[in-house]
Amino acid sequence: MKSLILLWKVLADELASRCCTSATMDSKRVQVRCEHEGLSFLTITLPEFGKDLQKGLDRGRVDRDLFTGFQWRAGLPLFLGGFLDRVFDRGSGELVDSPDIDAIFAIRQLTLSFAKIALPCSDVRERRAMSDYVNCENEVKEHDAKISESDLLSDFSRVSSLLFADIFSKVDKAVYDGVLIPKHGPGATADRYRGNGKYSLRKWTDRLEEYFPAGEYLLPNWSFFDQYDDIHHVEPGSETPVKVVSVPKTQKTPRIIAIEPCCMQYVQQGILREILEAIQGVNHLDHFLGFLDQTPNQRMAKKGSIDGSLATLDLSEASDRVSNQLVRLLLRNHPHLHRGVDACRSRKADVPGHGVIRLAKFASMGSALCFPFEAMVFLTIIFLGIERDLNSPLSHHTVKQYVDKVRVYGDDLIVPVENVRSVVSMLQAFGSVVNTGKSFWTGKFRESCGKEYYDGQDVSIVKVRAMLPTQRRHAPEVISLVAMRRLLFEKSLFKTCEYLDEMILKVIRHFPFVSPNSQALGRQSPDGHIDHQRFCRDLQRPQVRAFVPSARLPSDPLDDSGALLKVFLHQGNQPIADERHLERAGRPHAVDIKLRWTYSD
């Protein structure tokens with residue numbers, strides 16, 4: 001923790017110099033509170049301070065319900081007061097006419113830097129997160145019963161058909177024709193299939209069999225019919241439930257995900273591929289929905305921060321609150337896709353401390369179909385809110401007018417400010433919870449997809465993702481620290497970079513100057529200097545001796561029908577890039593760094 005406090009002090013001094021103020025007393029306050037409160041002051045308390053700054057920017061003033069736990073003088077806290085005075089008036093707490101953008105960035109950088117550091121939560125917080133998962137499930141069931149008694153479901157079905165009928169028809173035909181190409185991913189599965197072992201999968205559910213016959217999906221072709229008897233068909237009551245686990249998010253609360261059974265994920269990936277291909281160019285849906293590219297959301301957030309025309313909304317527990325009932329409504333006019341999606345949807349979850357529960361939600365994070373279907377549900381609800389404001393039924397022509405005004409990327413939503421209250425009300429009516437602490441529409445602050453803007457200026461920060469390394473064998477931490485150094489360099493925080501250089505050189509001897517595109521663990525120079533230690537005559541490129549990340553895939557030999565199936569499932573005109581893919585596969589057990597010659601540019 002001492003190294004993190006020292007890093008905070010160096011960063012505070014450089015930012016204070018940039019803002020023509022002093023952070024001496026702030027550094028002492030951090031030192032004292034960390035001694036009394038421990039690491040949680042950096043990872044939990046300070047991030048709450050940063051979130052309260054954003055609320056103050058959105059409100060246009062600082063109220064007494066903000067910055068709790070900090071001493072005040074007049075209308076502002078004393079902590080980071082030199083920076084706050086350049087943003088708010090100390091006497092009244094009101095936002096000044098021209099807030100200092102550097103000061104806004106400085107406060108955010110100093111308070112939110114350690115919010116996402118990869119540290120395990122306490123056992124109490126883990127248990128609470130699992131209980132919240134179960135409670136959320138119960139709330140979805142209660143909301144399903146409540147909403148069934150209203151007229152909202154028929155409106156939802158009508159608007160979703162307007163938006164998605166064309167793409168669902170294409171995917172529906174693909175399911176009916178049996179042309180879906182499934183796909184295995186590199187991640188874990190609930191039934192413990194890993195790497196190349198997934199291509200020898202011999203476990204299939206009766207629900208999948210109707211639209212995705214095991215003989216056609218698990219065997220390369222019917223010449224391997226003699227292996228069909230090895231396939232074990234599982235009845236609905238005996239299916240493997242998703243395995244609910246926690247992964248690091250913040251020290252305050254973990255992220256809860258669900259690991260799917262191998263056969264379910266295999267088919268989900270095939271349907272996902274068809275949906276993504278069908279969406280391109282259909283009724284401008286690729287302008288409204290994002291699945292791979294976050295930059296449109298970021299550009300729209302910047303625009304909203306300048307002219308106030310667009311609001312950015314964030315949802316809490318977004319995927320866990322999307323009811324399966326709503327997804328069934330989306331698909332009800334497309335029977336083959338409907339049944340295909342239902343067949344590869346897991347119906348039960350194994351929750352630590354709570355046993356196996358039946359799911360009312362469509363899917364948790366971990367399902368390949370969670371992200372696209374939650375986005376389509378949210379887009380439908382947004383247009384229902386807009387329709388309410390328009391007081392007339394939507395048409396394709398009306399929807400087209402909202403290109404560059406509405407966009408959904410997961411749980412990051414962008415809507416016109418003039419419709420925001422109606423949209424928020426409609427989201428709540430369908431059981432979603434709008435995170436008011438991360439939703440903005442009244443001031444000049446906007447946040448979407450990892451980018452934050454104030455009045456058109458980028459105030460996004462650099463976050464510490466891992467504890468600082470003390471030895472070379474702490475490879476993931478070294479890699480994370482070098483990446484953080486590069487991002488701080490891009491923010492022109494050169495003194496902090498110099499401090500990190502000293503720290504890194506104590507851990508690894510070689511830390512040369514390289515270009516940002518080099519795979520070497522190196523640094524960038526303000527004058528653009530790149531170290532050249534030798535020249536590669538074969539490729540006519542300069543080289544440097546440096547540490548390079550190295551991740552060896554686990555040994556996982558695959559042959560016979562499984563190897564043939566893997567080759568047949570490969571998409572694209574190019575061969576599989578890794579020539580040893582039948583010998584090694586899966587995710588590396590560990591990441592290392594190795595010293596070798598590599599390119600510096």
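Going by the conditions given, is ASP144 without any contact (Cβ under 8 Å) to a residue 24 or more places away in the chain and among the acidic types (Asp, Glu)? No: the conditions fail for ASP144. Please tell me if ASP559 is charged (D, E, K, R) and surrounded by 12 or more Cβ atoms within 10 Å (Cβ to Cβ). For ASP559, the condition - charged (D, E, K, R) and surrounded by 12 or more Cβ atoms within 10 Å (Cβ to Cβ) - is not met.
Just one of the listed residues (PHE83, PHE79, PHE67, PHE114) is closer than 21 Å to LEU493 by Cα and part of a loop (DSSP other than H, G, I, E, B), namely PHE114. Suppose the filter is part of a loop (DSSP other than H, G, I, E, B) and either of a type in the set (Gly, Ala, Ser) or more than 26 Å from ILE461 (Cα to Cα) (or both); does SER131 pass it? The answer is no for SER131. For the stretch 188-205, the criterion of being more than 32 Å from the chain's Cα centre (by Cα), farther than 21 Å from VAL567 by Cβ and modelled with pLDDT of 95 or more is met by no residue. Every listed requirement among (1) closer than 29 Å to ARG584 by Cβ; (2) under 31 Å from the mean Cα position of the chain (by Cα); (3) not in a strand (DSSP E or B) is met by ALA258 save one, (3).
Of the strands (runs of 3 or more DSSP E) lying entirely inside the stretch 501-601, the ones with 1 or more residues being of a type in the set (Ser, Thr, Tyr) are found at 541-550, 592-599.
Any residue at all in the stretch 560-574 that's polar (S, T, N, Q) and within 27 Å of the chain's Cα centre (by Cα)? There is at least one residue in the stretch 560-574 that is polar (S, T, N, Q) and within 27 Å of the chain's Cα centre (by Cα).
Only residues that are of a type outside the set (A, V, I, L, M) and within 30 Å of the chain's Cα centre (by Cα) were counted in the stretch 6-19, giving 2. For the stretch 359-406, the set of residues classified as small (Gly, Ala, Ser) and either farther than 30 Å from PRO182 by Cβ or part of a strand (DSSP E or B) (or both) consists of SER367, GLY385, SER392, SER395, listed by residue number.
Taking the criterion of being within 22 Å of SER439 (Cβ to Cβ), of a type in the set (D, E, K, R) and crowded, with 23+ Cβ neighbours inside 10 Å, would at least one residue in the stretch 384-392 satisfy it? No, every residue in the stretch 384-392 fails to be within 22 Å of SER439 (Cβ to Cβ), of a type in the set (D, E, K, R) and crowded, with 23+ Cβ neighbours inside 10 Å. When the stretch 315-327 is filtered for residues that are surrounded by fewer than 19 Cβ atoms within 10 Å (Cβ to Cβ) and modelled with pLDDT of 95 or more, nothing remains.
With respect to ALA311, is the statement that it is in contact with a Lys or Arg (Cβ under 9 Å, 6 or more places away or on another chain) and crowded, with 16+ Cβ neighbours inside 10 Å true? Yes. Candidates are the residues of the stretch 53-86 that are in contact (Cβ under 8 Å) with a residue 60 or more places away in the chain, under 19 Å from THR442 (Cβ atoms) and touching a helix residue (DSSP H, G or I) at 6+ places or on another chain (Cβ under 9 Å); the one that is surrounded by the most Cβ atoms within 10 Å (Cβ to Cβ) is LEU57. Let me confirm something: among SER22, SER27, which residue is more than 31 Å from the chain's Cα centre (by Cα), of a type outside the set (Lys, Arg) and assigned to a loop (DSSP other than H, G, I, E, B)? Step by step, each of SER22, SER27 is checked, and only SER22 is more than 31 Å from the chain's Cα centre (by Cα), of a type outside the set (Lys, Arg) and assigned to a loop (DSSP other than H, G, I, E, B).
Quick check on this structure: which one of GLU14, GLU48 is farther than 21 Å from MET503 by Cβ and assigned to a helix (DSSP H, G or I)? It is GLU48.
Determine, yes or no, whether TYR454 is among the aromatic types (Phe, Trp, Tyr), in contact (Cβ under 8 Å) with a residue 12 or more places away in the chain and either closer than 30 Å to VAL548 by Cβ or in contact with a Phe, Trp or Tyr (Cβ under 7 Å, 6 or more places away or on another chain) (or both). Spelling it out, TYR454 is indeed among the aromatic types (Phe, Trp, Tyr), in contact (Cβ under 8 Å) with a residue 12 or more places away in the chain and either closer than 30 Å to VAL548 by Cβ or in contact with a Phe, Trp or Tyr (Cβ under 7 Å, 6 or more places away or on another chain) (or both). Considering the stretch 144-255, the qualifying strands (runs of 3 or more DSSP E), each wholly inside and each with 1 or more residues that are among the basic types (Lys, Arg) and in the same structural domain as GLN268 (by TED's automatic domain parsing), run over 203-205, 242-247. In the condition set (1) in contact (Cβ under 8 Å) with a residue 60 or more places away in the chain; (2) surrounded by fewer than 20 Cβ atoms within 10 Å (Cβ to Cβ); (3) under 25 Å from VAL356 (Cβ atoms), TYR193 is compliant with all but (2).
The values are calculated or read from the model by the stated rules, or taken from the named source; none is laboratory data. Because the structure is predicted, anything quoted here is derived from the model rather than measured. Glycine gets a Cβ as well: all are built from the backbone with ideal geometry, and neighbour counts include every protein chain shown.
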